[in-house]
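Colleague: Okay, handing you the structure first.
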Amino acid sequence: MTLALVALLAGVLGIALGFAIGFRTRAASARIEAAIRPAGPHTPAVLDEIALGWQALAETCCLTAWESRGATHDPATCTRKDQTL
């Protein structure tokens, strides 16, 4: 009975810890994005360009590919299924 209770408490604490870590990670990434985003009032064209840039970065398979515009890839972090390197 005691072992089952300890296992249950460990599971509950594990879930709570996982949630807290995930929440802190999302909050930190939002703060970083806000810090590096250009400040000031922007025209709609600039806002569209910023949104497209963030979308391209989010859709890329690895940072090396984004930096090289797809010319090279980092096999250690690339998520491409059709690796050519």
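The values are calculated or read from the model by the stated rules, or taken from the named source; none is laboratory data. Only a predicted model underlies this, so the values are computations on that prediction, with no experimental measurement involved. Neighbour counts are summed over all protein chains in view; Cβ atoms, including those assigned to glycine, are modelled from backbone coordinates with ideal geometry.
Colleague: Go through (1) of a type in the set (K, R); (2) under 22 Å from Q55 (Cα atoms); (3) modelled with pLDDT under 75 one by one and return the number of the condition R31 breaks.
Modeller: Only one criterion is unmet by R31, namely (3).
Colleague: Out of A45, A39, A71, I need the residue that is loosely packed, with under 10 Cβ neighbours inside 10 Å, in a loop (DSSP other than H, G, I, E, B), modelled with pLDDT of 75 or more and not hydroxyl-bearing (S, T, Y). Which one?
Modeller: Working: A45 fails: in a loop (DSSP other than H, G, I, E, B); A39 fails: modelled with pLDDT of 75 or more.
Answer to the selection: A71.
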